[in-house]
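Shown next, in structure tokens, is the structure this report addresses.
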Amino acid sequence: MCDDCQVYAHYLRRAGEILDEQGGTDLSYATQSRVSISSGRDRLRAVRLAEGGILRVYAGCCRTPVANVPSPKLAFVGIPHLFLRGGAGGPSRDALLGPLTLRLQGRFCRGELPEGAHRGTPFTPWLKAMLRVTWDTICKQYRPSAFHEPVSLAPFVVPAVLSASDVEELRRPLAHLRALPSSLEPLGCR
């Protein structure tokens with residue numbers, strides 16, 4: 001239920017299809033080396049919500065989110081559920097990947113915090129994920145990358161970088177994010 005993921009869904013103008021009732025986005029995780037783009041690579045576009053932010057790749061033709069890539073030197077890539085559909089009449093996401101396992105960043109949810117959701121990211125799952133990402137990165141599972149040039153590691157498509165005012169404009173329909181009390185909890189997952 002990350003605030004930046006909600007902003008991104010609004011940037012794509014597909015929030016109704018991407019976000020669930022609480023503002024959550026289903027993501028599955030893979031290593032960059034396990035993701036390939038077999039066709040339509042020329043249609044891909046990218047955006048960052050801030051300079052140096054997560055590279056968010058989407059299909060420019062239909063504005064479908066494809067991947068969230070934090071760094072060209074990390075094995076980790078988040079794949080949004082809209083990109084993982086099995087096709088009409090094909091298997092469901094749960095059949096392909098298994099059921100939803102964690103609901104994170106609940107402090108940004110719309111309405112009541114869903115049962116079993118976490119306000120942030122619990123330490124134990126975070127540590128397990130970071131150990132896995134570290135191991136996969138040491139093993140160079142970030143290469144080859146469908147999202148970065150092989151030598152320079154620059155994004156294969158130059159991302160648009162939104163200005164702070166553009167991001168604030170996208171936050172405008174997200175009144176629940178503006179109403180958050182200030183605290184020491186970091187905002188977003190930039």
- Pair list, Cβ under 6 Å, 6 or more apart: segment 43-59 residue on the phi < 0 side of the Ramachandran plot, other residue of a type in the set (Ser, Thr, Tyr): 45/58; 56/8
- Item | Residue within segment 156-174 that is at pLDDT 90 or above, touching a Phe, Trp or Tyr at 6+ places or on another chain (Cβ under 6 Å) and outside any loop (DSSP other than H, G, I, E, B) present | yes
- Message: For segment 1-16: of the residues being part of a loop (DSSP other than H, G, I, E, B) and out of contact with any Phe, Trp or Tyr (no Cβ under 8 Å at 6 or more places or on another chain), which is surrounded by the most Cβ atoms within 10 Å (Cβ to Cβ)?
- Response: 14
- Give me the pairs: first residue in segment 104-122 and loosely packed, with under 15 Cβ neighbours inside 10 Å, second residue part of a loop (DSSP other than H, G, I, E, B) and of a type in the set (Ser, Thr, Tyr), beta-carbon distance under 9 Å, and six or more apart or on different chains, which are they? none
- Residue under evaluation residue 123, criteria (1) at pLDDT 95 or above; (2) farther than 13 Å from residue 72 by Cα; (3) of a type in the set (Phe, Trp, Tyr), criterion not met: (1)
- Query: From the residues in segment 19-38 that are touching a residue at least 24 places away in the same chain (Cβ under 8 Å) and more than 23 Å from residue 71 (Cα to Cα), which one is surrounded by the most Cβ atoms within 10 Å (Cβ to Cβ)?
  - Reply: 23
- Query: Scanning for something in a helix (DSSP H, G or I) and within 18 Å of residue 25 (Cβ to Cβ), does segment 137-155 turn up at least one residue?
  - Reply: no
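If I go through segment 138-155 residue by residue, how many of them are closer than 21 Å to residue 66 by Cα and either of a type outside the set (Ser, Thr, Tyr) or out of contact with any helix residue (DSSP H, G or I) (no Cβ under 7 Å at 6 or more places or on another chain) (or both)?
Taking segment 138-155 first, the residues closer than 21 Å to residue 66 by Cα are 141-150, 153-155.
Add one more test, that the residue is either of a type outside the set (Ser, Thr, Tyr) or out of contact with any helix residue (DSSP H, G or I) (no Cβ under 7 Å at 6 or more places or on another chain) (or both), and what stays is 141, 143-144, 146-150, 153-155.
Within segment 138-155, residues that are closer than 21 Å to residue 66 by Cα and either of a type outside the set (Ser, Thr, Tyr) or out of contact with any helix residue (DSSP H, G or I) (no Cβ under 7 Å at 6 or more places or on another chain) (or both) number 11.
Which strands (runs of 3 or more DSSP E) sit wholly inside segment 17-89 and have at least 2 residues that are of a type in the set (Asp, Glu) and either at pLDDT 90 or above or touching a strand residue (DSSP E or B) at 6+ places or on another chain (Cβ under 6 Å) (or both)? Walk me through how you get there before you give the answer.
On the way: elements: 27-31, 44-48, 55-59, 64-69, 76-80.
Passing ranges: none, list empty.
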- Task: Would you check if residue 100 is at negative phi, surrounded by 19 or more Cβ atoms within 10 Å (Cβ to Cβ) and in a loop (DSSP other than H, G, I, E, B)?
- Result: no
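The values are calculated or read from the model by the stated rules, or taken from the named source; none is laboratory data. Note that the coordinates shown come from a computational prediction; the quantities given were computed from them, not determined experimentally. Cβ coordinates were reconstructed from backbone atoms using ideal geometry, including for glycine residues, and neighbour counts include every protein chain displayed.
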